[in-house]
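In what follows, a structure is listed as structure tokens, so that the remarks can point back to it.
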Amino acid sequence: MAKILTDISRTFNEFLLLPNLTTEECIPENVSLKTPLVKFKKGEEPKYTANIPMVSAIMQSVSGEEMGVALAREGGLSFIYGAQSIEEQAAMVYRVKKHKAGFVISDSNVKSGTTLRDVMALSRKTGHSTVIVTDDGTANGKFLGIVTNKDYRPSKDNLDAPIDNYMTKAEDTISAKKGISLSEANNIIWENKINCLPILTEEGNLKYLVFRKDYEERKNNPNSLLDANKRYIVGAGINTRDYEERIPALVNAGVDILCMDSSDGYSVWQKRTIDFVREKYGDDVKIGAGNVVDAEGFRYLAEAGADFIKVGVGGGSICITRETKGIGRGQASSLIDVVAERNKYFEETGVYIPICSDGGIVHDHHITIALALGADFVMMGRYFARFDESPTKVLKIGNNYVKEYWGEGSNRARNWQRYDLGGNKEKLSFEEGVDSYIPYAGPLKDTLDVTVLKIKSTMCNCGATTIPELHEKARLTLVSDVSISEGKAHDVILKEIDNSYKN
Ligand code: MZP
């Protein structure tokens, strides 16, 4: 006979935190949001630790290379989407790693003779005002000159003239030789009052660019998630079909952490993929598994050797799996069950496996609730898809600026591997995700800073200055519909309709 669970499937919105004693130490400046990303033995340090407990979803409309850089800069991690060719995904990972906290590979390059019109079009496309002229138009060609939008006037200049007429020629450009340190490069930028320093090989080929604004950004972002070589840490999504080719390509590109992208992770396919990693790379390559919703799923993946385990089926904002297939579980209930099993596993084995709560975060305070329920970090799609750094364009619909956001189970993404159940059918049989718009929210940093502050502030109310302390001390209560209404502005006439506080 089928087993019927007696407890109801609960979501984050059904919980509130209770305040604990707030001591003098409990001020936001003292709160650390450091959190383990991969498993570790009691008393040891994990190989990877994030500085904020947020990772971006393995989705086409969320995690490309720009998000990879922007989120790592803030102390979080992106998992570059896997629903693309192996070569394209590996190239994205490679470019994030090459970003190298200061040494940038030029992405706006043209050949000598290119018209001003084409240079302006390229500038619009990449969003970069600095364009490099090389002999073959590539990022590593012979450096011939540099042009910025201060070198031409679109309304007056001849748009069909070659860019050579406008660029600062190589012999007049201040450049430096490959091998120079970042601080030396920054000194040259400051002494010469320039914005961009090309770094050249002995033969005069372009290697990197160093920008003044990047230096300032690094100074402003001491929280950045960097590897031992000061490169941004980046993750990538994989599937259980082409892993034998995809994983080596990603590892060669420099990926730090892999994560299986699957709507149902309680499967032998995931175990096989982990076995492949362990056989080929031992413990050197880190791999997360999931998604699961209960103790059984957790135990299976833990014993299979997963480095972290992702929780959540059917709670994503673009997900219709529960509607189409009647399978899934409220995100809070899933977490409570999995976290209890993780803690049991830790007691038995001395191995702590981080839990990632994936999907269903609507308001910032849901992140704190997820952490309080025992998650070590959260994965978010909708949250990150709104920002400039996601791979989609800003659109204007009526009077609103929006970005597009589509599920990996939608026909648009065609990520059949995420829903794969074996067999020969290599396509989606029906949709489990929707295609949608979400309100555009500007640059990631502006919103993320506020989110982080809200989490820290709530942790102070809970008497906790670290995430493990929050796990330990948090007290939560279930809420009724009427108490939810009581928690909103009520029985007053609002002077301004500003909903931003509801984020
Ligand atoms: P959210 O942050 O937008 O609520 O949810 C993002 C999560 O939804 C992803 O990390 C992934 O686990 C899940 N997802 C992505 N595509 C689909 C789908 O098409 C989906 N059904 O459920």
- With respect to Asp275, is the statement that it is in contact (Cβ under 8 Å) with a residue 60 or more places away in the chain and either within 24 Å of Glu408 (Cα to Cα) or in contact with a helix residue (DSSP H, G or I) (Cβ under 8 Å, 6 or more places away or on another chain) (or both) true? no
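So is Ile105 in contact with a His (Cβ under 9 Å, 6 or more places away or on another chain) and surrounded by fewer than 19 Cβ atoms within 10 Å (Cβ to Cβ) or not?
yes
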- Task: Could you tell me whether the stretch 241-258 includes any residue that is surrounded by 22 or more Cβ atoms within 10 Å (Cβ to Cβ) and within 12 Å of the ligand (Cβ to nearest atom)?
- Result: no
- List every residue pair whose Cβ atoms lie under 6 Å apart, where the two residues are 6 or more positions apart in sequence or sit on different chains, the first residue falls within the stretch 227-248 and is touching a residue at least 40 places away in the same chain (Cβ under 8 Å), and the second residue, located anywhere, is part of a helix (DSSP H, G or I) and basic (Lys, Arg). Arg231/Lys97; Arg231/Lys100; Ile238/Arg246
- Query: If you scan the stretch 136-160, which residues turn out to be of a type in the set (Asp, Glu) and touching a residue at least 24 places away in the same chain (Cβ under 8 Å)?
  - Reply: Asp136, Asp157, Asp160
- Message: Checking Asp446 against (1) at pLDDT 95 or above; (2) surrounded by fewer than 20 Cβ atoms within 10 Å (Cβ to Cβ); (3) more than 12 Å from the ligand (Cβ to nearest atom); (4) not polar (S, T, N, Q): exactly one of these is not met. Which one?
- Response: (1)
- List every residue pair whose Cβ atoms lie under 9 Å apart, where the two residues are 6 or more positions apart in sequence or sit on different chains, the first residue falls within the stretch 122-135 and is over 18 Å from Leu159 (Cβ atoms), and the second residue, located anywhere, is part of a helix (DSSP H, G or I) and not hydroxyl-bearing (Ser, Thr, Tyr). His128/Leu122
- Task: Look at the stretch 51-102 and say how many of its residues are closer than 23 Å to Tyr208 by Cα, of a type in the set (Gly, Ala, Ser) and surrounded by fewer than 22 Cβ atoms within 10 Å (Cβ to Cβ).
- Result: 3
- Item | Residue in the stretch 6-26 that is surrounded by fewer than 23 Cβ atoms within 10 Å (Cβ to Cβ), in contact (Cβ under 8 Å) with a residue 40 or more places away in the chain, closer than 24 Å to Lys213 by Cβ and of a type outside the set (A, V, I, L, M, F, W, C) present | no
- Task: Restrict the check to the stretch 159-170 and report whether at least one residue is charged (D, E, K, R) and closer than 27 Å to Ile233 by Cα.
- Result: no
- Message: Residues to consider are Ile58, Ile86; find the one that is within 10 Å of the chain's Cα centre (by Cα) and among the β-branched types (Val, Ile, Thr).
- Response: Ile58
- Task: With a cut-off of at least 1 residues that are charged (D, E, K, R), closer than 24 Å to Leu33 by Cβ and within 16 Å of the ligand (Cβ to nearest atom), name the helices (runs of 4 or more DSSP H) lying wholly within the stretch 291-373.
- Result: 364-372
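The values are calculated or read from the model by the stated rules, or taken from the named source; none is laboratory data. Keep in mind it's a predicted model, so treat the numbers as computed, not measured. Here Cβ is always computed from backbone atoms with ideal geometry, including for glycine, and neighbour counts include all displayed protein chains.
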